[in-house]
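Below is one structure; the comments refer to it alone.
FYI, it's all coordinate maths here, none of it is from the lab. Since we're looking at a predicted model, the values are computed, not measured. Glycine gets a Cβ as well: all are built from the backbone with ideal geometry, and neighbour counts include every protein chain shown.
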Amino acid sequence: MPKIPIAEWVQSLVEWMSDHLSVLFDAISLIIATVVDFIAWLFLLPHPIIFILILGVIAYWAGRIPLALFSMIGFLLIYNLDYWTQTMDSLALVITSGLVSILLGVPIGILTAYNRTASRIIIPILDFMQTMPAFVYLLPAVTFFSLGVVPGVIASVIFSIPPTIRLTQLGIKQVPEELVEASNAFGSTAFQKLFKVQLPLAMPTLMAGVNQTIMLSLSMVVIASMIGAQGIGAEVYRAVTQLQIGKGFEAGLVVVILAIVLDRLSQNIFKTKKR
Amino acid sequence: MAILEIKDVIKLFGPNQEQGVALLKQGYTKQQLAKEKQITVGVNRVNLDIQQGEIFVIMGLSGSGKSTLVRMFNRLIEPTSGQILVHGKDLMKMNKEQLRHVRRKTISMVFQKFALFPHRSVIENVEYGLEIQKVDKKTRREKALQSLELVGLKGWGDKKPDELSGGMQQRVGLARALANDPEVLLMDEAFSALDPLIRRDMQDELLELQLRMKKTIIFITHDLDEALRIGDRIALMREGSVVQVGTPEEILMQPANRFVERFVEDVDLSKVLTASHVMRRPETITLDRGPRTALQLMRERGISNLFVIDRSKHLLGVITAEDASNAYKHHQSLQDILITDGPKVTPERLIGELFEITSSAKVPLAVVDSDNRLLGVIVRGALLGALAGDIDFKEVTDHA
């Protein structure tokens, strides 16, 4: 029995796309690179101490004093360990892929909540995206977007967008039927119903999805460094390849601090707004 | 004038609905359709005319199709066939835009589980209907405050719905529906989720509001007492069909079939029957007659009291046989022995409220109209008889 030539098919599809859609990929590449660079530039603009103070204020406003203290001490440690620039680069990558995930994921989630056919097509694709080993995306990403931070963002988005889509869908479907009915009964248009009733009520669930997405894209920083994305991931990768145990631990610790601060901040900022 | 006309409306669930409609019109029953064609009949050929300004109650047990029916009045549920005319215009032929207009301006709805938006404050909930019509902020806030005051929730606007009790939440639901100033209010089991006492208060308040507003109210309920209390007319539904439409009295006194009869069997008559149902023709005399004539009259009729009226039947008072006999001996006139502070009631009073009055009074209860004209008399025996079911309802309704 002859082997089904899946590998050949994918190969030629990727080559065809790279040949014919290069204008599109160049445009996407330009936009993403600009956004990442801008965010990184913005974060590196103030002195680290000032950045830490601002972070402290935001963390305090978002909730509690312990969070503010932890954020400030954590980032001071990062500054002390001399990983500041790399951390800011990684932060820019995470925030960019988070933004892209929200911008794409929320509308797709809304679509799947409204349309059963769309849901039936999209949900299996999400399963596919999440379970396919992330390394596999890296190659086509490099083919389309060359080396650097852009394919890193793309790979992060593919890997981390599913929770935003799924939980947006769930959030909207969870809105009690009688509230949707009430909104209809008063003569809302579809947009009014979505923006005045469904989305506000879906917000807690949706934000849980966004939080998950941010965490997942942070977990991609090390993998992204393998294709040339600068940042703390690159430090981890270098330490691992050079068997520098101590340095590897330091860089890993920075990733942990970043993860905890991002997680608690993204959870709390929404809760504060709700109050 | 009919504000809402429902013509031959059918709602089916399941496959082959077109065929189902045809079969139903050929006389297939609900059971046959379910068994042979797997079609569920939600609403079966309903015809109703709802008049401007009335409280029209649609009553039935759960699963009788009443909620489905009422949701077709604003097309939250699409009828399978039939016509729904609002001010003579067919709702079924309207496009989305026109339908929205009807929902915004003409028909508002109050829901069983309140359906308040939990992320909005009370006042923002009340404003919702105006907000989506893009009424400017100042105007809609004003109207919302008025509406909130109307339902007795002045000063509660900044609370969140979950900070309010059930009764208060439903007032917010009512205020939200009223803020649009609709002509028709659809109230879907609006008070069913409330405690009995609160429910009773809400019914009273709704009736009071209605006196001022004169809206057309379509009220869904499974509670017969509620239906009898607030309905001007009642439609009884069973298995998707309307079994009987009539005033509360007609439903009680002339049940259309066994089903209605069974339904009304357990009704507490003291809360339904009124003075007009149990009163009898009064024996009367005019004031210019003497005590002797009065005595003679009482002896003839075998009674011990006479009502005294003037020429246009206005009630002046009552005299007793004992007083009349004394007056005869002492050469007094009827005027001298007239009891003017005897009890009197209007014909609408429920008989449940009459027991106390009759038991504390020495003379029979007079029933008078608003001009104090004597309509009838109520004796204790008749009151008890009525509660025991010993009353010819048909005859009574003919009189009333």
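Of note:
- Within a Gaussian network of chain B (alpha carbon springs, distance under 10 Å), most fluctuating of B:G385, B:G20, B:G376: B:G385
- Extreme residue, positive dipole direction of segment A:6-274, given options A:S119, A:Q86, A:L69 (C-beta unit charges): A:L69
- Global geometry of segment B:275-399, whether rounded, prolate or oblate, following the gyration tensor of its Cα atoms and the 1.5 cut on a/c: prolate
- Rounded to the nearest 5, the antiparallel percentage of DSSP beta bridges internal to the protein assembly as shown is 60%.
- Square roots of 5 times each gyration tensor eigenvalue, C-alpha, segment B:112-181, largest first, Å: 18, 12, 11
- Whichever lysines have a C-alpha closer than 21 Å to that of B:K214, once near sequence neighbours (fewer than 8 apart) are set aside: B:K105, B:K143
- Under the Karplus curve 6.51 cos²θ - 1.76 cosθ + 1.60, θ = phi - 60°, whole-Hz ³J(HN,Hα) for segment A:238-249, x wherever Gly or Pro sits: 4, 4, 5, 5, 9, 6, 8, 4, x, 4, x, 5
- Sorted by Cβ neighbour density within 10 Å, fewest at the top, the residues B:V110, A:V255, A:V180, A:V10: A:V10, A:V180, A:V255, B:V110
- Longest site-free stretch - chain B; sites: trypsin sites (Lys or Arg not before Pro), DSSP loop, at most 12 other Cβ within 10 Å: B:1-133
- Partners for B:K11 among lysines (Cα-Cα distance below 24 Å; same-chain residues under 8 apart left out): B:K25, B:K30, B:K35, B:K37, B:K66, B:K89, B:K93, B:K96, B:K113
- Segment A:142-204 versus segment B:320-368: alpha-carbon centroid distance in Å: 77 Å
- Per-bin percent of Cα-Cα distances, the protein assembly as shown [10 Å]: 3, 11, 15, 15, 13, 12, 10, 7, 4, 4, 2, 2, 0, 0
- Kirkwood estimate for chain B, i.e. one over the average of 1/r between Cα atoms, Å: 24.5 Å
- Cα shape, segment A:37-183, gyration tensor, a/c 1.5 rule: oblate
- Listed residues A:V240, A:V150, A:V23, most fluctuating in chain A (Gaussian network, C-alpha, under 10 Å): A:V23
- Rounded to the nearest whole Hz, the Karplus-based 3J(HN,Hα) values (6.51 cos²θ - 1.76 cosθ + 1.60, θ = phi - 60°) of segment B:38-44 follow the sequence 6, 9, 9, 8, x, 9, 10, with x at glycine and proline.
- Over chain A: Kirkwood hydrodynamic radius from C-alpha pairwise inverse distances, Å: 20.4 Å
- Computed about the Cα centre, the dipole magnitude for segment A:47-182 is approximately 120 debye when only Lys and Arg (+1) and Asp and Glu (-1) carry charge, each at its Cβ.
- Sequence-distant residues sharing a close amide H with B:R238 (under 5 Å, placed H): B:V243
- All lysines inside 26 Å of B:K362 as judged from Cα atoms, apart from same-chain residues fewer than 8 positions distant: B:K271, B:K313, B:K329, B:K344
- Residue-averaged 222 nm ellipticity for the protein assembly as shown, from DSSP H runs of 4+ at -39500 (n - 2.57), nearest 500: -18500 deg cm²/dmol
- Residues A:Y60, B:Y128, ranked from the fewest to the most other C-beta atoms within 10 Å, line up as A:Y60, B:Y128.
- Dipole moment magnitude, nearest 20 debye, segment B:275-399 about Cα centre, only Lys, Arg, Asp, Glu C-beta charged: 360 debye
- Dipole axis of chain B (+1 Lys, Arg; -1 Asp, Glu on Cβ), positive-most option in B:Q296, B:T286, B:M1: B:M1
- Size of electric dipole in segment A:120-228: Cβ of Lys, Arg +1 and of Asp, Glu -1, about Cα centre, debye, nearest 20: 100 debye
- Between the residues B:P118, B:Q133, B:S192, the greatest Cα displacement towards the positive end of the dipole of segment B:90-198, with unit charges on the Cβ of Lys, Arg, Asp and Glu, is found for B:Q133.
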